[in-house]
Structures are given as C-alpha cells and as structure tokens.
There are 2 protein chains.
Amino acid sequence: MGKQMTEMLKGTLEGIVLALLTGKPAYGYEITTLLRDQGFADIAEGTVYALLVRIEQKGLVDVEKRPSEKGPPRKVYSLNQQGTQELAEFWNTWSFLAERIEKLHNNSHSTGEKQP
Amino acid sequence: MGKQMTEMLKGTLEGIVLALLTGKPAYGYEITTLLRDQGFADIAEGTVYALLVRIEQKGLVDVEKRPSEKGPPRKVYSLNQQGTQELAEFWNTWSFLAERIEKLHNNSHSTGEKQP
DNA sequence: CCCATTACTTAGCGCTACTATGTACCAGTA
DNA sequence: TACTGGTACATAGTAGCGCTAAGTAATGGG
C-alpha cells in the first residue's frame, strides 16, 4: 500500500471501524472483508485485529464469543454507549479537518487567487 | 490538543504544509502562524520545524536562507517539482479516503440513528 | 493426509506528532 | 547595564498507530 495511505489511516481507521459497527455487530474476519469491499483492499489482517483489541481495552465495544461452523469461535464486537460517543467525537474531528483541507484543495486549484 | 486530532494529522499535516506552499514560498515561523490562522491553533512549533526538515531531506522543497530584520535568518521553503508531484499524490490519496469516509458518515445517519 | 479457508493473536519495526528545552538575534525600557 | 518579549530555528525523547511476518486453531474437500 502507498505510504501516504498508511499514514493517513492513522487516526481514521479506528473511526472507520467504529462506523462500520453502528447498528450491526460484526466479528474481526467479517470486518476485514467489509473493509476490502468498501475499497480498503490493502488493509492488513493483523492491523484490524490489533485495532479491535485496542478498542475493546478502551471500552468502546462489547464482545461476545460465538461458535462458528467453520473455524475457531468468532469474537463479535458491538458498539456500546462509550463507543457511540467516541464515534461522535470522531465525526467532529473529521469534519473539522476535512473542511479545512478541502478549502486548501480548492485554493490550490485556483493558483494565485486570494480570498478575503 | 485532542488525541484524535493528533493521530488524524499524521499523514495529512505534511500535505497541508505542501498545499500552503503552492505558489508562495514561506518560512517556518510564517507557516506556523498560517496554520494557526487557518484553525490549527494547537499545532506545536517543534512539529512544524521537524516536518520542514523532513520534507527538505525528501527533496520536496528548495530552501533559501534570508536575513530577517528581527531575529535570526529565515529559511524560506518553496515547493519544487518533486514536491508538486507529491502533493498531487496527496490529493489523490485524500480524495480516495475522504470519499469513502463520507459515505460511511451518510450511512450512519440513515441507519435509524437519531440526529440532534 | 494434506491443504485451502476461516478466524484470531502477537512481537517487532517504521513513521509521525507532541513535549520540553535550548540557542540565537533584536528592540524597547527601566 | 540588565531585563523582557517577540522573532526564528533546532532537537532529543516519548507515545501511538499501521504494517510485516509469523504463528495457533478449527473445519471440510481433494
């Protein structure tokens, strides 16, 4: 994967996963394939599992172990209240940053233009 | 500053600074105040200088030392060809990520969640 | 029996932003 | 002179996050 993308995912991947969990619990392997389906084709499996451990330890998700017909038991993660709040803060932070960056994006298109 | 913002700036701050340099060279102290003016009030001075050292060593900018009437000489950075290309790749990466995250943002609004 | 698929785990690495501190230069002022 | 404050740059140490790489565990098909 591009180095730029790797760095850019820092701080956003956690929010992305929390967003994926809104309303519908999911387990690690499932989340990995979900991410791939959504265009994040090159995210390493280990990254996702490490992230899940982290958000569990931060208390943002509840975990339930369920047997699988194929392979070891699944760990199903569901967003709890604290996770919901963290996600809300994530959207705030994201909006703040995205807004300013988009402004820069537009400015760099109109080379030489100045705004009041 | 929020920990979320700190992590989110990883991978984007470099692009932000490169974008600030398009068309108009600037020196470190100036860039710091520019960032503050644009809403990034809490970015540490040391962070900016370290970043400038990095992009200089990566060959993304040209540097010229100019005397200042007030204080030590300034190091004026200007985007060169390689930096321009890196910035273009940054916008590609950013657009890719922002598009997918915005999609998630909209979905989380329309999945039965209530909004303020 | 071997192997692909499913499913999760973890140690070590590289990169980036932050904290904290230091250096250097000049102007105003008491 | 001595002191303060603004300008301007530098850097060592720390923490957090994603990646690499390797492993364990369970099931079913060739």
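The values are calculated or read from the model by the stated rules, or taken from the named source; none is laboratory data. Everything numeric here is computed off the predicted structure, so don't read it as measured data. Glycine also receives a Cβ, built like all others from the backbone with ideal geometry; neighbour counts cover every protein chain displayed. Keep in mind that these areas ignore ligands, DNA and RNA; they rest on the heavy atoms of the full protein, side chains included. Shrake-Rupley method; radii C 1.70, N 1.55, O 1.52, S 1.80 Å.
Residues in segment B:19-27 include none that are facing another protein chain (nearest Cβ under 7 Å), within 9 Å of DNA strand C (Cβ to nearest atom) and at pLDDT below 95. Being modelled with pLDDT of 95 or more and over 18 Å from B:G23 (Cα atoms) is a property that B:G46 has. When you look at A:E86, is it surrounded by 18 or more Cβ atoms within 10 Å (Cβ to Cβ), part of a helix (DSSP H, G or I) and acidic (D, E), yes or no? So A:E86 passes the test. Only one of the numbered conditions (1) within 11 Å of DNA strand D (Cβ to nearest atom); (2) open to solvent by 30 Å² or more (accessible area, probe 1.4 Å) is violated by B:L34, and that is (1).
Take the conditions (1) more than 14 Å from DNA strand D (Cβ to nearest atom); (2) more than 14 Å from chain B (Cβ to nearest Cβ); A:P67 misses just one of them, which is (1).
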